[in-house]
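Let me begin by presenting the structure, written as structure tokens, before commenting on it.
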Amino acid sequence: MIVVSNNKYDYLIVGAGVFGSVCAHELTKQGKRCLVIDSRNHIGGNCYTENINDIHVHKYGAHIFHTNDKKLWDYINQFAEFKQYTHNVIANYKDEMYTLPFNMWTFNQMWGVNTPEEAKQKIESQKFKGEITNLEEQAMSMVGTDIYNKLIKGYTEKQWNRPCTSLPPSIIKRLPVRFTWDSNYFNDKYTGIPIGGYTQIFEKMLEGIDTLLNSDYFQHKDYYDSIADKVIYTGPIDKFFNYQYGKLEYKSLRWETEKLEQDNFQGNPVINYTDSEVPYTRILEHKWFDPQSQKGTIISREYPTDYDGTNEPYYPIRDNKNTDIYNKYQELTKGLDKYIFGGRLGSYVYYDMHQVIAQALLKIMSFNQKNYQ
Ligand code: FAD
Ligand code: UDP
């Protein structure tokens, strides 16, 4: 039995993640009546953090807010106080430790070079110089074969469960290559972690808004559609259209989380394991995102898994084949005025949080423009 305070809404919002929560918040501010539903037992989507012994556990993987856009930074800061945070990632390749992303520290650790000129020469001597058609070629053109073999190939093939030669170059272009001694994982002007975790952000965004958890849209689709004028859908787009053009591919993940008595397990929030033999891709030690002399520690080993329709579709695999399928679904959305699609899964794009906020705010602006026409 569904119990809601209104029996008619302006908007039904499927998904209490970033896209759904920003839409709900902004539309409610404009006087619209919104109902948010989520199939999970919590709000926040993949950004959800759980407070365990004052450690904010990133239940769906390490989340660092980063953006170059001051407006988006100010936007998210309305909902939590952020601490300035520089994300430093360490790679462990067969117990050799390297600094990521690729910067002078990495080049020094890999080759013993001390100057940008020496590092550039080393890369030049082993870089791929042909036309780039896949991730392997892209990586080897950015950093050469040594770094590709030790820090990229094993990690990427574990993560995506396919050869680097059949992955799109765009995936590796996310990582900076710098000829400075700056090991900040992100290039952005604004980078931070919300003090007290991410969940409070969603609590504030959804304050006073009807929200139903443990509620799958597809279980009562006709009913949900009947109680709202418009539906904002942030789940997988292929599922919405009943897979009529075939299934889109996603990558999934799973985490094995352990509470430990010791206060310091690895001394860093994230250590990547880049060789192919270690079955996990990284270990997170959650307390280091926001250390406050908490006792004990909590770690999560992150294992890539295939998406099989029963687990969570975390990463869209936007290669050519899947993009063709996605484009067909996107065509179908055009005639559907009642339904609005957005977010990582609704758009089938490997978006970060700030990009999803921007997409949601733009979408709301476009509704307003339509209303004025
Ligand atoms: P989601 O968070 O996926 O929310 C969608 C919601 O819809 C979910 O809660 C889901 O349960 C619900 N839903 C789906 N189908 C239904 C249905 N049928 N009925 C009801 N509810 C449904 N971004 C960064 O900016 N920085 C990072 O450091 C970062 N790290 C990441 C690490 C990992 C491992 C992952 C997976 C993602 C990371 N991201 C990061 C990306 C970030 O998680 C996403 O950009 C953001 O969560 C997308 O928000 P969303 O609302 O589109 O989707
Ligand atoms: N990557 C890698 N080695 C690493 C870290 C990342 O080869 O140690 C590659 C891998 O292909 C990954 C991509 O870079 O999918 C993007 O990395 P990022 O850390 O941005 O991925 P995410 O945090 O979204 O999983």
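Taking 0.36 nm per residue of separation and subtracting the Cα-Cα distance, what length does fully extending residue 277 through residue 29 add?
Extending this stretch completely gives an extra 84.1 nm.
Give me the number: length gained by fully extending residue 366 to residue 170, i.e. 0.36 nm times residue separation minus the C-alpha to C-alpha distance, one decimal in nm.
In short, 67.7 nm is gained.
Taking 25 °C and 0.890 mPa s as the conditions, I'd like the Stokes-Einstein D for the stretch 216-286 in µm²/s, using the Kirkwood hydrodynamic radius from alpha carbon pairs.
For these conditions, the coefficient is 146 µm²/s.
Send over the Kirkwood Rh of the stretch 1-146, from the inverse of the averaged 1/r over different Cα pairs, rounded to one decimal Å.
The answer is 20.1 Å.
Report the charge-dipole magnitude of the chain in Debye, nearest 20, computed about the Cα centre from +1 at each Lys and Arg Cβ and -1 at each Asp and Glu Cβ.
The dipole magnitude comes to about 800 debye.
Can you give the local net charge around residue 163? Use residues other than it whose beta-carbon is closer than 14 angstrom to its beta-carbon, Lys and Arg +1, Asp and Glu -1.
Neighbour charge sum, excluding residue 163 itself: -1.
Give the accessible surface of the stretch 170-273 per residue, rounded to a whole number of Å², with probe radius 1.4 Å and ligands, DNA and RNA excluded.
Dividing the accessible area of the stretch 170-273 by its residue count gives 49 Å².
Return the FRET efficiency for the residue pair residue 69, residue 336: r is the Cβ-Cβ distance, R0 is 35 Å, and the value is rounded to the nearest 0.05.
Efficiency at R0 = 35 Å is approximately 0.70.
Can you give me the span-like helices of the chain, meaning DSSP H runs with 27 Å or more of Cα extent along the axis and Kyte-Doolittle mean at or above -0.5?
Within the chain the helices that satisfy the rule are 353-372.
Across 5 Å bins from 0, what is the distribution of all Cα-Cα pair distances for the stretch 94-143, in whole percents?
P(r) for the stretch 94-143, in whole percents per bin: 4, 21, 24, 23, 17, 8, 1.
For a distance above 18 Å, tell me the whole-number percent of Cα pairs in the stretch 58-118 that qualify.
56 percent
Arranged from highest to lowest average of other beta-carbon atoms within 10 Å per residue, in what order do the peptides 88-97, 355-364 appear?
Descending mean neighbour count gives 355-364, 88-97.
Convex hull volume of the Cα atoms in the stretch 152-254, per residue, in Å³?
Cα-based convex hull of the stretch 152-254, divided per residue, equals 222 Å³.
Quick check: convex hull over the Cα atoms of the chain, volume per residue in Å³, rounded to an integer?
158 Å³
Once you order the gyration tensor axes a ≥ b ≥ c over the Cα atoms, which shape class does the stretch 114-160 get: rounded for a/c under 1.5, otherwise prolate or oblate by comparing a/b with b/c?
Verdict is oblate for the stretch 114-160.
Per residue, what volume in Å³ does the Cα convex hull of the stretch 260-373 take up?
Cα-based convex hull of the stretch 260-373, divided per residue, equals 180 Å³.
The values are calculated or read from the model by the stated rules, or taken from the named source; none is laboratory data. If you're wondering where the values come from, they're calculated on a predicted model, not measured in any experiment. As a convention, Cβ positions derive from the backbone with ideal geometry for all residues, glycine included, and neighbour counts pool all protein chains shown. All accessible areas refer to the heavy atoms of the entire protein, side chains included, with ligands and DNA or RNA removed. Shrake-Rupley method; radii C 1.70, N 1.55, O 1.52, S 1.80 Å.
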